[in-house]
Amino acid sequence: MINVGSISEQTLAGMVTTATHGTGLTHKVLSTHVQALRLLLADGSSVRCSPIDHPDLFTATLCGLGSTGLILDIQYQSLPLPLA
């Protein structure tokens, strides 16, 4: 991962919905690295959202404290493993 939260006992969905941050001034909150996610909505349907697909729902979910639905899947930007 690009950055790691200071509390390791959190799930990735928990880190996204609470805007968990790592250490250092140059690192953004972890939710800024989410590229897309799939939510389970209150009516039982699921929806994929991203900056392009349902952007308002996507933005509201980042640091939304679960108010938009349950996060089922997250597409997250990561760094490639360094070559040994």
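The values are calculated or read from the model by the stated rules, or taken from the named source; none is laboratory data. What you see is a predicted model, and the numbers here were worked out from it, not measured in a lab. All Cβ positions, even for glycine, are placed from backbone atoms using ideal geometry, and neighbour counts span all protein chains on display. To get the accessible areas, we keep the full protein, side chains included, count just its heavy atoms, and leave off ligands, DNA and RNA. Shrake-Rupley method; radii C 1.70, N 1.55, O 1.52, S 1.80 Å.
Looking at the stretch 51-60, can you tell me whether even one residue there is farther than 19 Å from MET15 by Cβ, among the aliphatic types (A, V, I, L, M) and out of contact with any Asp or Glu (no Cβ under 9 Å at 6 or more places or on another chain)? It would help to see each step written out before you state the result.
From the stretch 51-60, those farther than 19 Å from MET15 by Cβ are 52-56; that's our starting set.
Among the residues that remain, those that are also among the aliphatic types (A, V, I, L, M) are: 52.
Within this subset, residues satisfying the condition of being out of contact with any Asp or Glu (no Cβ under 9 Å at 6 or more places or on another chain) are 52.
Checked the stretch 51-60: at least one residue is farther than 19 Å from MET15 by Cβ, among the aliphatic types (A, V, I, L, M) and out of contact with any Asp or Glu (no Cβ under 9 Å at 6 or more places or on another chain).
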When MET1 is evaluated against the numbered criteria (1) open to solvent by 70 Å² or more (accessible area, probe 1.4 Å); (2) modelled with pLDDT of 85 or more, which criterion, by number, is the only one it fails? (2)
Could you tell me which of the residues THR32, THR20 is at pLDDT below 80 and within 23 Å of LEU79 (Cα to Cα)? THR20
Looking only at residues in the stretch 14-31 that are of a type in the set (Val, Ile, Thr) and surrounded by 15 or more Cβ atoms within 10 Å (Cβ to Cβ), which one is nearest to the chain's Cα centre (by Cα)? VAL16
Filter the stretch 48-84 down to the residues that are of a type in the set (Gly, Ala, Ser) and buried (at least 17 other Cβ atoms within 10 Å of the Cβ), then identify the one that is modelled with the lowest pLDDT. GLY64
Let me spell it out: the conditions are (1) within 14 Å of TYR76 (Cα to Cα); (2) surrounded by 12 or more Cβ atoms within 10 Å (Cβ to Cβ), and THR11 meets all of them except one. Which number is the exception? (2)
